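Everything below concerns the one structure shown next.
Any read-out appearing in this document is the output of simple, stated calculations on the displayed coordinates, not a laboratory observation. Since we're looking at a predicted model, the values are computed, not measured. Cβ coordinates were reconstructed from backbone atoms using ideal geometry, including for glycine residues, and neighbour counts include every protein chain displayed.
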Amino acid sequence: MEVVIATRNLDKIKEIKEALKNLKIKIFTFSDFPGFPEIKEGNNLKDNALLKARTIAKFTGKIALADDSGLEVMALKGAPGAFSSRFAGENVSYEDNNRKLLSLLKEVPLKKRDAVFRCVVAITDPQGREEVVEGICEGKIVENPGGFQGFGYDPLFQPKDFKKTFAQMSLKEKNQISHRAKALEKAKLVLKKWMK
Ligand code: ITT
């Protein structure tokens, strides 16, 4: 079975490849397909994931797996959510987004800094078969960035029942508990079913 990961985000690709490594599938990425489309996203994780997967399945003629994910901060009424990659503006760095988040939470005490990482994964094939699965990881936003692993908001996110941030965990550790890992566990079941 052949599956294309419908993203240009190298950090996501790394985590997705690691999570799917013991499935018997051949994984393709954007670098295998010149002209891989850029997809304009909206404000809803499920719609975005489906749009990315559909577009890439159509473009490549293969099964596509797309991830749309975001961080929902309770004290900010669920922001940045689907706007997580664009929180500080278009084409900003992870650091710009982290700086904005910390500055908005400056006056908020630790016990009110609850947050949820959410990941929606859509799997589609060129014939129009589609499945959508979701994973979440609860935690809080720390007051000072910690760690250098991972990507995005990882230095600011401390999962529940852990004393370190995602950025202080190895890829293997993060991939046991993260929102993406949980969604991909379900996605694996879908792919196994489609293999039959
Ligand atoms: P694609 O659309 O090409 O998949 P993207 O980076 O634009 O790439 P999203 O629209 O899904 O992807 O935005 C996800 C953003 O949410 C990402 O850029 C990070 O800022 C944040 N994010 C998602 N998962 C994360 C994780 O595991 N750790 C840290 N930040 C994460």
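Take every pair of alpha-carbon atoms less than 8 Å apart whose residues are at least six positions apart; their mean separation over the length of the chain yields a relative contact order of 19 percent.
Please identify every one of the GluC sites (Glu not before Pro) in region 35-102 that sits in a loop by DSSP and has no more than 15 other beta carbons within 10 Å of its own beta carbon.
Passing sites in region 35-102 are 38, 90.
Taking the helices alone, the chain has a mean residue ellipticity at 222 nm of -9500 deg cm²/dmol, built from -39,500 (n - 2.57) per DSSP H run of at least 4 residues and averaged over all its residues.
Could you list 94, 153 in order of exposure, starting from the residue whose Cβ has the fewest other Cβ atoms within 10 Å? Write out the running numbers ahead of the final one.
Values: 94 17, 153 24.
Going from least to most buried by this count: 94, 153.
Each label was represented as a point 7 Å from its Cα along the Cα-to-Cβ direction; for residue 47 and residue 186 these points are 2.0 nm apart.
Taking other C-beta atoms within 10 Å as the exposure proxy, 171, 71, 45, 191 rank 171, 191, 45, 71 from fewest upward. Dipole orientation for the chain: of the candidates 93, 74, 165, 165 has the Cα lying most toward the positive pole (charges on Cβ; Lys, Arg +1; Asp, Glu -1).
Among the trypsin sites (Lys or Arg not before Pro) within region 26-64, those in coil by DSSP and having at most 11 neighbouring Cβ atoms inside 10 Å are 40.
Most simply put, the chain has about 80% antiparallel DSSP beta bridges, counting only bridges with both residues inside it.
With +1 on the Cβ of every Lys and Arg and -1 on the Cβ of every Asp and Glu, and nothing else charged, how large is the dipole of the chain about its Cα centre, in debye rounded to the nearest 20?
Working: 36 positive and 26 negative charges, 106 e Å.
About 500 debye.
Residues with beta-carbon under 14 Å from that of residue 107, excluding residue 107: net charge, scoring Lys, Arg +1 and Asp, Glu -1? If you can, show how the numbers build up before the last one.
Values: positive: 106, 111, 112, 113; negative: 143.
Local charge sum for residue 107: +3.
Roughly how many whole Å is it from the C-alpha centroid of region 68-125 to that of region 43-61? Each part reduced to its Cα centre gives a spacing of 21 Å.
Going by how many other beta carbons lie within 10 Å of each one, how would you line up 93, 85, fewest first?
Working: 93 9, 85 18.
Exposure proxy ranking, most exposed first: 93, 85.
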